[in-house]
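Only one structure is covered here, and it is reproduced in the block below.
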Amino acid sequence: MNNGILYGPAVSRDRVISRFPKCYIPEACLQFKDQFHVQVKYACQERQTRNVGLKMSKVVMVGDLYVGKTCLINRFCKNVFDRDYKATIGVDFEIERFEIAGTPYNLQIWDTAGQEKFKCIASAYYRGAEAIIIAFDLADIRTLEHTKQWLEDALKENEQGLSTIFLVGSKKDLLSQAEYERTEADAIKIATEMQAEYWAVSSKTGENVREFFFRVAALTFEASLLKELEKKDFRSARIGEGSTIRMDKTTAESSGNGTNSNTSCC
């Protein structure tokens, strides 16, 4: 505990992100860069000597039944692959702790059921998502065709719009290179239409799983912080308490009248 702010256990070393993670392929990339936005870097640097609350973003994974949503989440969060598949009933979630650009950050990953009978339940949990991951099975082209509908359903519950959209193909290990290349072309086309970033992964082998979720974490963290920084034209940033990032105008004004010579980030 630090002056009343509880951080919990230290973040694992393999959940520390200091540089912007790379995209999967340039043809379906949301942002080409290897550094965080200058405003984000400045806000994070300022908070290093001050009290900082914890930031959390909500990510929802949707897609057809049997495309491997739960397996993908479990591979990243628990480093396990369970061959005995059990369909998700309603919704479930995992919270993964990161340190991004020196800032504590939680990614709340919601796993939703792909069965039609649970759609009305699961859709209620789409609300407030800062990113949507639409999953499909690379070995079943029909699941790719359904991804646009899944995105449409998710957007209905998020009228304010989403920061980031991902299209992720699972079970890459089941395809030959030639088969994968044919499916990839179709997936990239759909990702472009969705304005989504495309990835291909294998929960069985772990291929690209860590890299994918690091990319999700970095993009949602940056987008969330920038959104808060741009809300009002304040002169000092506050990475706020609880699940919010705020900017404190009164702190900025006090620093200008001599009561506080340092610009405060919290």
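The values are calculated or read from the model by the stated rules, or taken from the named source; none is laboratory data. Everything numeric in this text was worked out from a predicted model, so none of it was measured. Here the Cβ is made from the backbone with ideal geometry for all residues, glycine too, and neighbour counts use every protein chain on show.
All conditions in (1) crowded, with 19+ Cβ neighbours inside 10 Å; (2) closer than 24 Å to PHE81 by Cα; (3) among the β-branched types (Val, Ile, Thr) hold for ILE190, with the sole exception of (2). Within the stretch 67-78, residues that are under 16 Å from THR112 (Cβ atoms) reach partners that are assigned to a helix (DSSP H, G or I) with beta carbons closer than 7 Å, at six or more positions or on different chains, in the pairs VAL67/THR143; LEU72/VAL209. When residues in the stretch 55-65 are screened for being surrounded by fewer than 24 Cβ atoms within 10 Å (Cβ to Cβ), more than 12 Å from the chain's Cα centre (by Cα) and either in a helix (DSSP H, G or I) or modelled with pLDDT of 90 or more (or both), 1 of them pass.
With respect to (1) modelled with pLDDT of 95 or more; (2) farther than 18 Å from GLU27 by Cβ, the lone exception for GLY169 is condition (2).
Exactly one residue out of THR205, THR192 is of a type in the set (S, T, N, Q) and part of a helix (DSSP H, G or I): that is THR192.
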